[in-house]
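Shown next, in structure tokens, is the structure this report addresses.
The values are calculated or read from the model by the stated rules, or taken from the named source; none is laboratory data. The shown structure was predicted, so the numbers you read here are calculated from the model rather than taken from an experiment. Here Cβ is always computed from backbone atoms with ideal geometry, including for glycine, and neighbour counts include all displayed protein chains. Side chains are part of the model used for accessible areas, which takes the heavy atoms of the whole protein and leaves out ligands, DNA and RNA. Shrake-Rupley method; radii C 1.70, N 1.55, O 1.52, S 1.80 Å.
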Amino acid sequence: AGVPDWEVSGQFRSDVFTFARIFYSSYSDRYGRWGKKCMIDHPASDLNFSYRLEELTSLKVDPDGKIVSLTDPNLFNFPFVYLIEPGEMVLSEEERAALRKYLLGGGFMMIDDFWGVREYENLRLELNRVFPDREPQELPIEHPIFNFVFPLKKKPQIPNVGRGTESEYDGITFEQWDAQTPFYKGMWDDQGRLMMVICHNTDLGDGWEWEGANHYYFKEFSEKKAYPLGINIVMYALTH
């Protein structure tokens, strides 16, 4: 609600950047109920981020993002994909093979919105099944993704809107006690190209989705952290 729509010029119709969210097949509800955590924050975060990319960069951006599964042949039409809530994700063998082929073939994945040691360990084990020959490594603050368009002096932690709003009074931005430090890890292909960024103990998607919730959350988390880092990651991915 309230997000402007915009027209894409006909001459760019097949060349626009489209924000593509990954839909994975496993249910991932810790209480055993069927539900798709991979769709949390959709569509607001995807729409808001697409609008800010159109507004703040030279990219021509499709106002209508896409949802794509790892086994969909159309996956290879998107140079950048976004996956969230991998803390209980279990990929099928077909999904693992498709993800490996996509990333080694030049694709880029951003993983976001998961917290704590248990959830990271689940993702680490799942990625090890995709890439048994490599491990994610922490990115230093000097890496271009923290400076490519907007310079960031420290690795940001973006909490959900409730925790973020309360942080104005108590200063706490982490969502659980074993998630106090934000981590940003990368994984590289055989040519040394960064093909994945893992945003752990942070939630950029909430910073996009809830930018209009209140003035403090927008100024402190959306404007200063979630949008700048998201734009840096996308622009870095598309130019490398």
Cβ pairs under 8 Å, 6+ apart, first in region 182-199 and assigned to a loop (DSSP other than H, G, I, E, B) and open to solvent by 10 Å² or more (accessible area, probe 1.4 Å), second of a type in the set (A, V, I, L, M) and modelled with pLDDT of 95 or more: 189/103; 189/104; 189/195; 190/104
Residue list for region 148-181, restricted to those being in contact with an Asp or Glu (Cβ under 9 Å, 6 or more places away or on another chain), open to solvent by 60 Å² or more (accessible area, probe 1.4 Å) and under 21 Å from residue 138 (Cα atoms): 175
Scope region 132-161; condition closer than 30 Å to residue 93 by Cβ and part of a loop (DSSP other than H, G, I, E, B); matching residues: 132, 133, 134, 135, 136, 139
Among residues of region 50-107, those that are crowded, with 20+ Cβ neighbours inside 10 Å, touching a Ser or Thr at 6+ places or on another chain (Cβ under 8 Å), part of a helix (DSSP H, G or I) and of a type in the set (D, E, K, R), counted: 1
Enumeration of residues in region 10-24 that are in a loop (DSSP other than H, G, I, E, B), polar (S, T, N, Q) and open to solvent by 50 Å² or more (accessible area, probe 1.4 Å): 14
Single residue of 126, 85 found to be touching a Cys at 6+ places or on another chain (Cβ under 7 Å), among the charged types (D, E, K, R) and closer than 25 Å to residue 45 by Cβ: 85
Selection count, region 205-240, where residues are more than 13 Å from residue 157 (Cα to Cα), open to solvent by less than 50 Å² (accessible area, probe 1.4 Å) and touching a strand residue (DSSP E or B) at 6+ places or on another chain (Cβ under 8 Å): 4
